[in-house]
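Below is one structure, written out as structure tokens; comments come after it.
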């Protein structure tokens, strides 16, 4: 069966047959600097040449394995050399002990060689122990970092879930009962209750019979919702408001009363909403 797909054979890795974006040419300048041809000849029982017809690329994963295996190979050779020298020194000393006619000079040479081999073995063992300890610490640090990352991710997910559960679907103003879908809108509306310059439109739900002013007015204007009169002087406005609540003031002022008396009319709503009059002190 013919394969029509283009495999880009020359771009495959020489040792795993996979293609990746991060590859090196075995025989280019960087490959020579990293001793890739030498390490391949030393560790792998295969022949790789510039003239063969196989791919000349090596991927990063295979480079990592090659470097690790090359380091392991050197460590094995070094250990074998140290152990062999130590074993030979012991063998020479034992042989000298069995020979009664051995020369004193030769015996001193054997003892000195054994001492050197013994020191070399101890040094080699110390180096190997230090390397093993460093590798173990690195592995523990990596495991701790991974565990911390997983714990942080889990905590973040739990916080998000709890926040969604605790966050209300809507926000309600406790003063006027209005509902808002966003917390920011609710907070902005709540500040309007504290802003003296804002129109008292939020008080309308408490006084259904009140009529809102035809348009917003500045803080230096005073509008009577009862008779729809505009005042620029605050004292004059307050005096006018009392005429709606006090029947004697109404007759003396010659202004007919319209609407209910007491704290439920539109003018009183205006005063309560604007904070100008204490509702407990109003006439009934």
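The values are calculated or read from the model by the stated rules, or taken from the named source; none is laboratory data. Everything numeric in this text was worked out from a predicted model, so none of it was measured. With ideal geometry, Cβ positions are generated from the backbone for all residues, glycine too; neighbour counts draw on all protein chains shown.
Kindly check whether there is at least one residue in region 53-76 that is surrounded by fewer than 13 Cβ atoms within 10 Å (Cβ to Cβ), free of Cβ contacts under 8 Å to residues at least 24 places away in the same chain, on the phi < 0 side of the Ramachandran plot and more than 48 Å from the chain's Cα centre (by Cα).
Yes; the residues of region 53-76 include at least one that is surrounded by fewer than 13 Cβ atoms within 10 Å (Cβ to Cβ), free of Cβ contacts under 8 Å to residues at least 24 places away in the same chain, on the phi < 0 side of the Ramachandran plot and more than 48 Å from the chain's Cα centre (by Cα).
Considering (1) touching a helix residue (DSSP H, G or I) at 6+ places or on another chain (Cβ under 8 Å); (2) within 19 Å of residue 121 (Cα to Cα); (3) at pLDDT 90 or above, say which one residue 72 fails and leave the rest.
It fails just one condition, (1).
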